[in-house]
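Below is one structure, written out as structure tokens; comments come after it.
The values are calculated or read from the model by the stated rules, or taken from the named source; none is laboratory data. Everything numeric here is computed off the predicted structure, so don't read it as measured data. Virtual Cβ from ideal backbone geometry, glycine too; neighbours counted across all protein chains shown. SASA here: full protein model, heavy atoms, side chains in, ligands and nucleic acids out. Shrake-Rupley method; radii C 1.70, N 1.55, O 1.52, S 1.80 Å.
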Amino acid sequence: MAFEVLAIADAAKRSLADVAYERIRDRLLMLDIRPGDLINDDDLAKELGVGRTPVREALKRLELDRLVVSYPRRGTFATRVEVTDLAFISEIRTQLEPLAASRAARVASESMKEQLRAVIRAVESFDTSAASVVETLRLDARVHQGIYAAAGNPHLEDVLIRYDNLATRIWCMVLDRLPDLSRHVHEHVDLLRAVIDGDEARAAELARVHVSGFEHAVREALFAA
């Protein structure tokens, strides 16, 4: 009985840590916690309605994700965003996003393809002019993470989610300055169709073009500011 209670307690703690991780991560990505901000774990625990332990566990995971950084005797801070980060992140994504897309086109199951068809319908009906920043970013994440999952390689999926999060954070900094946001969102449709159709070469090329276009658009917005 004691072991059973302990197991339940451990599961509950893990669940709270996961919730804390996701909610703090979203605040970092959406810039509710700004780059360079000091993060107070006591305040976060109170705001999230959890204890300090789940928050501290979440911050450790977020440090591995390069979204926060801790300094002895100084505290934990949201990592800063530098222009050089965009080039480094894009260099990695330009290699791995086409790999994930082509692999998804090759191995995606029929049930996974049906999920991607649902994502296509969501993209086609999405009105960027009426949507909030959060809604736009969540749809973008749904597209990319759907392809990562369809690729069927959990290690590749884990790496790509991490770098997609870092890219999303940069995107959020310039979202209101991007001239053709609707095109960026809706060009996902052709990529998703290539994956569903099993066209590995086209899926890889569209993924490469999408990532390169993202870097170009963000770079122009950053230097125009």
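In this structure Ser15 has an accessible area near 60 Å², from a 1.4 Å probe over the protein heavy atoms. Helix screen, the chain: DSSP H segments with Cα axial length of 27 Å or more and mean Kyte-Doolittle hydropathy at least -0.5 are 2-29, 83-107, 154-174, 200-224. Charged side chains reduced to their Cβ positions (Lys and Arg at +1, Asp and Glu at -1) give the chain a dipole of some 480 debye around its Cα centre.
Largest to smallest in accessible area, the residues Met173, Met112 fall in the order Met173, Met112 (1.4 Å probe, all protein chains included). Assuming charge only on the beta carbon of Lys and Arg (+1) and of Asp and Glu (-1), the dipole of region 93-157 about its Cα centre is about 200 debye to the nearest 20. Here region 59-169 is treated with +1 on each Lys and Arg Cβ and -1 on each Asp and Glu Cβ, and its dipole about the Cα centre works out to around 400 debye. Give the label of the value calculated from the structure for Cα Rg over 2.2 N^0.38 Å, choosing from (i) 0.98; (ii) 0.90; (iii) 1.10. Matching the structure shown: (iii).
What is the extension gain from Ser70 to Glu187, computed as 0.36 nm multiplied by their sequence separation minus the C-alpha to C-alpha distance, in nm to one decimal? Could you put the intermediate results ahead of the total?
Details: separation 117, 0.36 × 117 = 42.12 nm, distance 3.82 nm.
Result for the pair: 38.3 nm of gain on full extension.
Computing Rg and the Kirkwood Rh from the Cα coordinates of region 53-167 gives a ratio, Rg/Rh, of 1.03.
For Glu22, the solvent-accessible surface computed with a 1.4 Å probe is close to 90 Å², ligands and nucleic acids excluded.
Hull volume per residue, based on the alpha-carbon atoms of region 119-225 and their convex hull, is 92 Å³.
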